[in-house]
Amino acid sequence: MNPVHILLVEDEPNIARGLIFNLEEEGFRVSHVESGEEALEAIGTHPFALVVLDRMLPGIDGLEVCRRLRRSDGRLPILFLTARGEEAERVEGLLAGADDYLTKPFSLEEFLLRVKGILRRSEWYRPEQGREERITFGANSIDLQEQIARTPQGEIALTDLEVRMLRTFFHHEGEVLSRAELLSAVWGVSPDTETRTLDNFIVRMRKYFETDPAAPVHFLTVRGRGYRFVKKGAYAP
Ligand code: CA
């Protein structure tokens, strides 16, 4: 099996050296660039499994790299590195499409945990070869590849986040997914953040796809445990 290929975008040589050494020790293959321009070029030419992206870079900065990358590829995971105490930057990074972030200085142990966590999650929601990307339930038919849902209310263009949430539900049909699992699979954030966002998303799914959003039969709340998607409709025979 080929080693997992990671792109490291970091202009501080000492930090880069430490990260490369430890990633390679763990069996990853690492390509290292020092500017946003080089990062975009490398991403355009190699299929990476993960980008570790420093916020402060000469030229095009990390945030802009993140935004451009997201426009061309919704799935390539990004671990964003920010300077200490810059809360706004961390949020900016997540809004720009990063999957997770680390604040400098961080321990190498923490870094490797985050890297492995992101890779595990991206594996979890990535569509597998030949996996069904169209699904029909109730009166709805959804094409995840095309990001289109056909419902009795008409056609809905799905956002990337909606597609990620639906894909997660469909691939785990009938299973209870905890809030933590959904948050990390769909948003790539730790479970203590953005919990309202998750609930709002479920409300939206029900509005789109349930005949009676107040009495859902597909997107079910499992009290105290999380949510469950049922294709057949919970009350269907
Ligand atoms: Ca830097």
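Only the coordinates and a few stated rules stand behind these numbers; no lab work does. Just so it is clear, the structure is predicted and the values come from calculations on it, not from any experiment. Cβ sites come from the backbone with ideal geometry, for glycine too, and all protein chains shown count toward neighbours.
Filter the stretch 41-72 for residues that are surrounded by fewer than 20 Cβ atoms within 10 Å (Cβ to Cβ) and within 16 Å of the ligand (Cβ to nearest atom) and give the result. Result: M56, P58, G59, I60, D61, E64. From the residues in the stretch 9-40 that are β-branched (V, I, T) and within 14 Å of the ligand (Cβ to nearest atom), which one is nearest to E109 (Cα to Cα)? In this case the residue turns out to be I15. Could you please find all residues in the stretch 87-120 being surrounded by 13 or more Cβ atoms within 10 Å (Cβ to Cβ) and acidic (D, E)? Within the stretch 87-120, E89, E92, D99, D100 qualify.
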